1. If the requirement is being out of contact with any Asp or Glu (no Cβ under 7 Å at 6 or more places or on another chain), more than 18 Å from CYS247 (Cα to Cα) and of a type outside the set (Val, Ile, Thr), which of these qualifies: GLY162, GLY132?
2. Condition test on ASN55, is it exposed (fewer than 12 other Cβ atoms within 10 Å of the Cβ), modelled with pLDDT of 85 or more and within 32 Å of the chain's Cα centre (by Cα)?
3. Taking the range 1-36 only, how many residues are out of contact with any helix residue (DSSP H, G or I) (no Cβ under 9 Å at 6 or more places or on another chain), within 26 Å of ALA89 (Cβ to Cβ) and in contact (Cβ under 8 Å) with a residue 60 or more places away in the chain?
Amino acid sequence: MPAKQKRSDEINKRMEEAGFWDNQTTAQALVGELRRITQEMKPVRELIAGRDELNILLEFAEEDPSSEAELRTVIDSIAVKLEAVELQAMLSRPEDSLSAFLSIQAGEGGTDASDWASMMLRMYQRWAEDHGFKSEIADISEAEEAGIRSATIEITGDYVYGKLRSEVGTHRLIRISPFDSAARRQTSFAAVDLTPVVDDSVNIEIDWERDIREDVFRSSGAGGQKVNKTSSAIRLTHTPTGVVVQCQNERSQHKNRALAQKMLIAKLFQIEQNKREAESAAKRGEKKKIGFGGETIRSYVLAPQQYVKDHRTMCVVGNPGKVLDGTIDDFIESYLRWQIGAPDPKKSTAPVIDDE
């Protein structure tokens, strides 16, 4: 708290200086930092205030047992605030506070997998909307019959990257297929990847003339006659690493190029982070199979039972519809606690039969 308060005072002092807004990029970055610091300090201050109130009520309870009910109410309130502080403390990596590019790729399962990828895209868009975050499609590839083959969305907000780290991996859907005339149960897969949206303070060395191959092509899918008839889509290939990004959602070729460059910088930054972190390097060093035989992080079972289970944390939610509508915070919090070996107060102990 003292360090955060000191930094808050420093930023407030700079904001009072003449010419603070002359450099819009620097000013906006400092304003964003101040907002995050304020957000981090608020629940801690509430805990401190709750502690003081609790001490007073403890003294009263010693003299008057009838105040025990009020004491329990305050304890329950403090417990909720303590969970918020613990969750915030888990988002301690520098990149955790950043916005993120989230990519979805349909895997095995044919048309059902393409439909599943589109369901997942909607799930993350709803999650972003529910939390007041802005989400924008950067690139999308429609499937022939239904759903999407792949999509990338940019979700803008504080701690989006840190929270959505729990979603990276292969997700499995088990349901009665709406595309099967025999109404058989179908298993389909889709994979999620995540990269942080980095700002100008991050220096990634790129030789844009020598190391980047640019391909221009026509945008596909819905979007109006102009989008489909002009070569506005951009694909960038970073030849030293083989990283490929593309953007075709904007009507302007210049806008698609700028966003593709932003996505490429984010991916290269993620690669550098992985090199520094052995665990992440091991996790991302080999392309996982998106289907049977691959490692699945979460199953969404719609038939015959109905539940969603995370196979890492064993967190289970018995209402798949709610999860698919964007309510994934239980899985996010369980994952953060699981990563540091902390107990999960929301972990389900109900037995679930895996018929997957």
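The values are calculated or read from the model by the stated rules, or taken from the named source; none is laboratory data. All values derive from a computational prediction rather than experimental measurement. Cβ: placed from backbone, ideal geometry, glycine included. Neighbour counts: every protein chain shown.
1. Working: GLY162 fails: out of contact with any Asp or Glu (no Cβ under 7 Å at 6 or more places or on another chain).
Every option except GLY132 fails the conditions.
2. Values: exposed (fewer than 12 other Cβ atoms within 10 Å of the Cβ): yes; modelled with pLDDT of 85 or more: yes; within 32 Å of the chain's Cα centre (by Cα): no.
Spelling it out, it is not the case that ASN55 is exposed (fewer than 12 other Cβ atoms within 10 Å of the Cβ), modelled with pLDDT of 85 or more and within 32 Å of the chain's Cα centre (by Cα).
3. Of the residues in that region, 2 qualify.
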